[in-house]
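Visitor: Please read through the structure below; I'll follow up with questions.
The values are calculated or read from the model by the stated rules, or taken from the named source; none is laboratory data. Since the model is a prediction, treat every value here as computed from it, not as a measurement. A quick note on method: Cβ atoms are made from the backbone with ideal geometry, for glycine too, and the neighbour counts reach across all protein chains shown.
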């Protein structure tokens, strides 16, 4: 059995994919099957969270259209890595743990991603995030 099929089953069993489908449905997103067990939800209508895309279980949600993904294959790889994190964190505990990691990153570096263990493990560059924190960039600008 392919590893991604195991991920698909585990995220269904731990409730995270069901929650992802509920979030996508609440945001009136269009649902379609994606690669390797992912579910792509496009046309999401809420402004929160403030992200070009986010993942809950095996559901990858964006306000953009389907073609948007084709122009961002590395971002989809990044989001797929988040779907594996739901397996590692046993499902729904991923959400508060991600919140704590994002808060820590903001306190430490002035942004939610650079020092966030989940974002760095998913690949900052693939996710379109800077590799250097906001505070580090500001410090460099002041000394230049």
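Visitor: If you go through segment 23-39 one residue at a time, do you hit one that is part of a loop (DSSP other than H, G, I, E, B), free of Cβ contacts under 8 Å to residues at least 60 places away in the same chain, within 22 Å of residue 118 (Cβ to Cβ) and in contact with a helix residue (DSSP H, G or I) (Cβ under 7 Å, 6 or more places away or on another chain)?
Guide: Yes.
Visitor: Being touching a residue at least 40 places away in the same chain (Cβ under 8 Å), outside any helix (DSSP H, G or I) and surrounded by fewer than 17 Cβ atoms within 10 Å (Cβ to Cβ) is the filter here, so list the residues in segment 117-144 that pass it.
Guide: Answer for segment 117-144, where residues must be touching a residue at least 40 places away in the same chain (Cβ under 8 Å), outside any helix (DSSP H, G or I) and surrounded by fewer than 17 Cβ atoms within 10 Å (Cβ to Cβ): 123, 125, 128.
Visitor: Next question. Take the conditions surrounded by fewer than 16 Cβ atoms within 10 Å (Cβ to Cβ), modelled with pLDDT of 95 or more and farther than 23 Å from residue 89 by Cα and apply them to residue 73. Does it pass?
Guide: It is true that residue 73 is surrounded by fewer than 16 Cβ atoms within 10 Å (Cβ to Cβ), modelled with pLDDT of 95 or more and farther than 23 Å from residue 89 by Cα.
Visitor: Output the residues belonging to segment 93-113 that are farther than 15 Å from residue 54 by Cβ and touching a helix residue (DSSP H, G or I) at 6+ places or on another chain (Cβ under 6 Å).
Guide: 109, 110, 111, listed by residue number.
Rundown of residues vs (1) surrounded by 22 or more Cβ atoms within 10 Å (Cβ to Cβ); (2) more than 14 Å from the chain's Cα centre (by Cα), yes/no style:
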residue	(1), (2)
8	no, yes
12	no, yes
17	yes, no
34	no, yes
47	no, yes
77	no, no
84	no, no
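Visitor: Something else: Kindly provide the set of residues from segment 90-113 that are assigned to a loop (DSSP other than H, G, I, E, B) and within 26 Å of residue 11 (Cα to Cα), ordered by number.
Guide: 90, 91, 92, 93, 112, 113
Visitor: Return a yes/no flag: does segment 51-64 have any residue that is touching a strand residue (DSSP E or B) at 6+ places or on another chain (Cβ under 7 Å), assigned to a helix (DSSP H, G or I) and either modelled with pLDDT of 95 or more or on the phi > 0 side of the Ramachandran plot (or both).
Guide: Checking segment 51-64: not a single residue is touching a strand residue (DSSP E or B) at 6+ places or on another chain (Cβ under 7 Å), assigned to a helix (DSSP H, G or I) and either modelled with pLDDT of 95 or more or on the phi > 0 side of the Ramachandran plot (or both).
Visitor: For segment 69-79, does any single residue satisfy the condition of being out of contact with any helix residue (DSSP H, G or I) (no Cβ under 9 Å at 6 or more places or on another chain), in a helix (DSSP H, G or I), outside the structural domain of residue 7 (by TED's automatic domain parsing) and farther than 14 Å from residue 34 by Cβ?
Guide: Within segment 69-79, none of the residues are out of contact with any helix residue (DSSP H, G or I) (no Cβ under 9 Å at 6 or more places or on another chain), in a helix (DSSP H, G or I), outside the structural domain of residue 7 (by TED's automatic domain parsing) and farther than 14 Å from residue 34 by Cβ.
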